[in-house]
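The values are calculated or read from the model by the stated rules, or taken from the named source; none is laboratory data. Note that the structure is a prediction, hence the values are computed from the model and not measured. In this analysis, Cβ positions are derived from the backbone assuming ideal geometry, glycine residues included, and neighbour counts consider all displayed protein chains.
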Amino acid sequence: MRMIVCMKQVPAGTNVEIDPETGAMKRMSGETRTNPYDLFALETALRIRETLGGTVTVLTMGPPQAEEMMRDAYTMGADDAVILSDRKFAGADVLATSYTLTQGIKVIGGADLIICGRQTTDGDTAQVGPAIAEHLGIPHAAWVAEVIKADEHAVTVRQDLASVTQVSEIPYPCVITVDKDSCVPRLPSYLLKRSTADRPVRVLSFEDLPDKNMSRYGLVGSPTSVERMFSPPAAEKQVYLKGSAEEKADALFGILTGKKII
């Protein structure tokens with residue numbers, strides 16, 4: 001069983017820089033972390049490997065600093081790690097991102113099962129996983145709340161959709177995107193950290209991909225455009241009310257009705 005887990009490094013807080021011309025987020029600025037949903041995807045793959053055997057490769061598109069995230073994946077049990085890193089990939093929307101990941105998947109030999117987190121915390125589109133499946137021409141199941149069974153031929157999942165719950169059996173090769181709380185991600189292992197310290201993280205550039213058509217990548221290959229992107233405003237000013245319960249209630253009423261200005 002060959003499995004690929006697509007992961008992403010996302011901002012760890014609200015202190016991010018935005019390119020004023022392209023509206024794209026500057027990935028090299030601010031603190032980053034592994035997209036939380038992707039930890040559930042990785043745990044899902046590791047549990048399937050424990051049952052069926054095989055390998056788990058983590059794949060990401062991002063700057064070289066994504067190696068830190070990939071090494072964290074090693075400490076959880078991933079076998080291999082690949083980063084798609086090139087300035088030509090910058091500014092990609094869902095379509096260009098999913099196409100670039102698809103090209104990377106082809107370079108590393110494909111997979112029986114491709115697993116993504118349901119969405120990322122910086123984009124929230126929940127579309128990259130299904131788009132990968134469409135580019136590859138294989139079936140997919142999104143919003144997976146539980147992997148019921150995985151055998152040598154197919155994976156059976158429960159999807160919690162908008163108004164219904166659906167159980168689907170999907171033959172390999174396929175893509176699934178898993179939701180949070182579908183499992184509990186394991187903690188990093190110190191022993192694995194030591195044993196994988198010298199394990200290489202493979203980096204692929206634009207020149208390594210089979211399709212060299214620049215109209216499919218990065219900002220150039222992104223049909224959607226963002227009118228404006230900005231960092232979230234700072235937290236609202238906090239107001240502390242003092243006095244008895246009645247005095248606090250009167251003060252709060254005054255604030256809500258506009259009769260008292262803070």
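Scanning segment 214-226 for residues that are in contact (Cβ under 8 Å) with a residue 60 or more places away in the chain and outside any loop (DSSP other than H, G, I, E, B) gives Met214, Arg216. Identify, from the list Lys180, Lys193, the residue that is among the charged types (D, E, K, R), surrounded by fewer than 17 Cβ atoms within 10 Å (Cβ to Cβ), in contact with a Pro (Cβ under 9 Å, 6 or more places away or on another chain) and in the same structural domain as Gly54 (by TED's automatic domain parsing). The conditions single out Lys180. Applying the set (1) over 21 Å from Val147 (Cα atoms); (2) touching a residue at least 40 places away in the same chain (Cβ under 8 Å) to Ala73 leaves exactly one unmet item: (1). Ala197: in a loop (DSSP other than H, G, I, E, B), modelled with pLDDT under 95 and of a type in the set (A, V, I, L, M), yes or no? No. Does Asp151 satisfy being at pLDDT 90 or above, over 21 Å from the mean Cα position of the chain (by Cα) and of a type in the set (Asp, Glu)? Spelling it out, Asp151 is indeed at pLDDT 90 or above, over 21 Å from the mean Cα position of the chain (by Cα) and of a type in the set (Asp, Glu).
Assess whether Thr125 counts as being surrounded by fewer than 23 Cβ atoms within 10 Å (Cβ to Cβ), out of contact with any His (no Cβ under 9 Å at 6 or more places or on another chain) and hydroxyl-bearing (Ser, Thr, Tyr).
Judged against the criteria, Thr125 is a match.
Could you grab me the full set of residues in segment 165-186 that are in contact (Cβ under 8 Å) with a residue 40 or more places away in the chain and among the aliphatic types (A, V, I, L, M)? Once the filter is applied, which keeps residues that are in contact (Cβ under 8 Å) with a residue 40 or more places away in the chain and among the aliphatic types (A, V, I, L, M), segment 165-186 yields Val175, Ile176, Val178, Val184.
For segment 59-76, taking the residues that are hydrophobic (A, V, I, L, M, F, W, C) and closer than 18 Å to Val184 by Cα, the one that is surrounded by the most Cβ atoms within 10 Å (Cβ to Cβ) is identified as Ala73. Residues in segment 214-230 that are among the charged types (D, E, K, R) and at pLDDT 95 or above: Arg216 only. Here Pro139 meets each of (1) crowded, with 21+ Cβ neighbours inside 10 Å; (2) touching a Cys at 6+ places or on another chain (Cβ under 8 Å); (3) not small (Gly, Ala, Ser) with one exception, condition (1). Please tell me if Thr102 is polar (S, T, N, Q), without any contact (Cβ under 8 Å) to a residue 40 or more places away in the chain and buried (at least 19 other Cβ atoms within 10 Å of the Cβ). When the stated conditions are applied, Thr102 passes them.
Here is a yes/no grid of residues against (1) modelled with pLDDT under 90; (2) assigned to a loop (DSSP other than H, G, I, E, B); (3) of a type in the set (D, E, K, R):
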residue	(1), (2), (3)
Ile170	no, no, no
Ile176	no, no, no
Cys183	no, yes, no
Lys212	no, yes, yes
Pro232	yes, yes, no
Ala251	yes, no, no
